[in-house]
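This report refers to the structure that appears directly beneath it.
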Amino acid sequence: QVQLVESGGGLVQAGGSLRLSCAASGLTFNRYVMAWFRQAPGKEREFVAAVHWLGSSTYYADSVKGRFTISRDNAKNTVYLQLSSLKPADTAVYSCAARPPGIATNIDDYSYWGQGTQVTVSS
């Protein structure tokens, strides 16, 4: 079955950086759009970033544009999210998700989900 496993979360000070990874198995990775979503305590899950299956196109939420970078390595079946210039408002559980070709920002458009990794940014 399809599995998405995130790693790389942790506690970091404001202004710091982290790199999240999501390892995928059980799917033809290079045929799926991969995305990152996040959910802060008491808030709805929200779109963060997505990358086309070829890695040639990326899309970001306005709140992270210029600070976060999504990338993928199809040889390793892994998608990454580089988080920089972190703010306390970025504190959330970050989850990766997969869908067939076609960039989308809606949660309901994604077929597969990981369990998530916690990112906590202290002020």
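The values are calculated or read from the model by the stated rules, or taken from the named source; none is laboratory data. Predicted, not measured: the structure shown is a model, and the values here were computed from it. With ideal geometry, Cβ positions are generated from the backbone for all residues, glycine too; neighbour counts draw on all protein chains shown. When the accessible area is computed, the model is the full protein with side chains, heavy atoms only, and any ligands, DNA or RNA have been set aside. Shrake-Rupley method; radii C 1.70, N 1.55, O 1.52, S 1.80 Å.
Within the set of pairs 6 or more residues apart or between chains, which connect a residue that is free of Cβ contacts under 8 Å to residues at least 60 places away in the same chain and open to solvent by 60 Å² or more (accessible area, probe 1.4 Å) inside the range 9-28 to a residue that is outside any loop (DSSP other than H, G, I, E, B) and charged (D, E, K, R) with Cβ atoms less than 6 Å apart?
Taking only residues 6 or more apart or on different chains, not a single pair turns up.
Under 7 Å between Cβ atoms, which residue pairs at least 6 apart in sequence (or on different chains) link something in the range 76-90 that is on the phi > 0 side of the Ramachandran plot and touching a residue at least 24 places away in the same chain (Cβ under 8 Å) with a partner that is among the polar types (S, T, N, Q) and open to solvent by 30 Å² or more (accessible area, probe 1.4 Å)?
Asn77/Ser25
Looking only at the range 6-28, how many residues end up being closer than 15 Å to Asp73 by Cα and either part of a strand (DSSP E or B) or not β-branched (Val, Ile, Thr) (or both)?
Within the range 6-28, residues that are closer than 15 Å to Asp73 by Cα and either part of a strand (DSSP E or B) or not β-branched (Val, Ile, Thr) (or both) number 9.
For Tyr59, indicate whether it is assigned to a strand (DSSP E or B), open to solvent by 80 Å² or more (accessible area, probe 1.4 Å) and at pLDDT 95 or above.
It is true that Tyr59 is assigned to a strand (DSSP E or B), open to solvent by 80 Å² or more (accessible area, probe 1.4 Å) and at pLDDT 95 or above.
State all residues of the range 70-98 that are open to solvent by 40 Å² or more (accessible area, probe 1.4 Å) and either within 15 Å of Ala49 (Cα to Cα) or charged (D, E, K, R) (or both); if no residue qualifies, say none.
Hits for the range 70-98 are Ser71, Asp73, Lys76, Gln82, Lys87, Val93.
For the range 39-53, what are the residues that are in contact with a Lys or Arg (Cβ under 7 Å, 6 or more places away or on another chain) and either part of a strand (DSSP E or B) or open to solvent by less than 30 Å² (accessible area, probe 1.4 Å) (or both)?
Gln39, Glu46, Val48, Val51
Working only within the range 29-38, note down all residues that are crowded, with 17+ Cβ neighbours inside 10 Å and either over 17 Å from the mean Cα position of the chain (by Cα) or outside any loop (DSSP other than H, G, I, E, B) (or both).
Phe29, Val33, Met34, Ala35, Trp36, Phe37, Arg38
Just give me the residues in the range 72-101 being part of a loop (DSSP other than H, G, I, E, B) and closer than 22 Å to Ser25 by Cβ, in sequence order.
Asn74, Ala75, Lys76, Asn77, Pro100, Pro101 - these are the residues of the range 72-101 that are part of a loop (DSSP other than H, G, I, E, B) and closer than 22 Å to Ser25 by Cβ.
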